[in-house]
Amino acid sequence: MDLPTHYSIDADVFWLKQAFNNLLDNARDFCPAQGKIAVQLKPNALHENVEILFFNEGEAIPDYALARVFETYFSLPRPHNQQRSTGIGLSIVQQIIQQHQGQISIQNMPANSLNFLANHGAGVLIRITLHSNFT
């Protein structure tokens, strides 16, 4: 991670940790056994925010589902066992990020399109933007 030692954000550590753990659990559930999972933090002093990127080499999310993944109770089957979750995890993640006046988005990514991860396959990227100071 490339964050200056003096950089910080005002946030509720407990809830952000819950959100990030949920995102990493989902990445692990949807990523193939030998697939890559990566996280990048990018501070932006000019806009007083930090961008956090979560990427996994899992299957692309179907177009119809991209707009729905943050809906409460919406769930996609896990590729390895076809089981579905409760569908509340990403909804809670979105609420946590919004409570921190942040933004969250999800998109499918083609192979080798991320500048912070060399030689990666196609996958899914979640982008979170959090302000350094929120009120």
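At 222 nm, what helix-only mean residue ellipticity would the chain give, in deg cm²/dmol to the nearest 500, using -39500 (n - 2.57) for each DSSP H run of four or more? The partial results should precede the final answer.
Details: 3 runs with 33 residues, N = 135.
The helix contribution divided over the chain gives -7500 deg cm²/dmol.
Given a cut-off of 18 Å, what percent of all Cα-Cα pairs of the stretch 50-110 lie beyond it? Walk me through the numbers on the way to the answer.
Values: 741 of 1830 pairs.
More than 18 Å apart: 40 percent of the Cα pairs in the stretch 50-110.
Hey, got a sec? Which chymotrypsin sites (Phe, Trp or Tyr not before Pro) in the stretch 1-73 land in a DSSP loop and have at most 14 other Cβ atoms within 10 Å? Sparse-neighbourhood loop chymotrypsin sites (Phe, Trp or Tyr not before Pro): TYR7, TYR73. Taking label positions 7 Å along the Cα-Cβ direction at both PHE116 and PHE20, the computed distance is 1.2 nm, reported to one decimal.
Applying the Kirkwood pairwise sum to the alpha-carbon positions of the stretch 1-70 produces a hydrodynamic radius of 14.2 angstrom.
Report the GluC sites (Glu not before Pro) located in the stretch 28-135 that are in a DSSP loop and have at most 14 other Cβ atoms inside 10 Å of their Cβ, or state none. Listed in order of number, the matching sites are GLU48, GLU71. For the chain, the percent of C-alpha pairs falling in each 10 Å distance bin, counted from 0 to the bin holding the largest distance, reads 12, 42, 35, 11, 1. Around the Cα centre of the chain, unit charges on the Cβ atoms of Lys, Arg, Asp and Glu (plus for the first two, minus for the last two) sum to a dipole of about 240 debye. Take every Cα pair under 8 Å whose residues are at least 6 apart in sequence, average their separation, divide by the length of the chain, and the relative contact order is 29 percent.
Expressed as a whole percent, the accessible surface of the chain that belongs to carbon and sulfur atoms is 51, based on a 1.4 Å probe.
Consider a paramagnetic label point 7 Å from the Cα of THR86 along Cα→Cβ; state which residues of the stretch 10-32 have an amide N under 17 Å from it. Only 15, 18-26 fall inside the zone, counting backbone N under 17 Å. Relative to the longest principal axis of the Cα atoms of the chain, helix 13-30 runs at roughly 30 degrees.
Summed over the residues of the stretch 33-135 and divided among them, the accessible surface reaches 58 Å² per residue at a probe radius of 1.4 Å.
The values are calculated or read from the model by the stated rules, or taken from the named source; none is laboratory data. If you're wondering where the values come from, they're calculated on a predicted model, not measured in any experiment. Please note: Cβ atoms are built from the backbone with ideal geometry, for glycine as well, and neighbour counts cover all protein chains shown. Areas reflect the complete protein model, heavy atoms only, side chains present, ligands, DNA and RNA absent. Shrake-Rupley method; radii C 1.70, N 1.55, O 1.52, S 1.80 Å.
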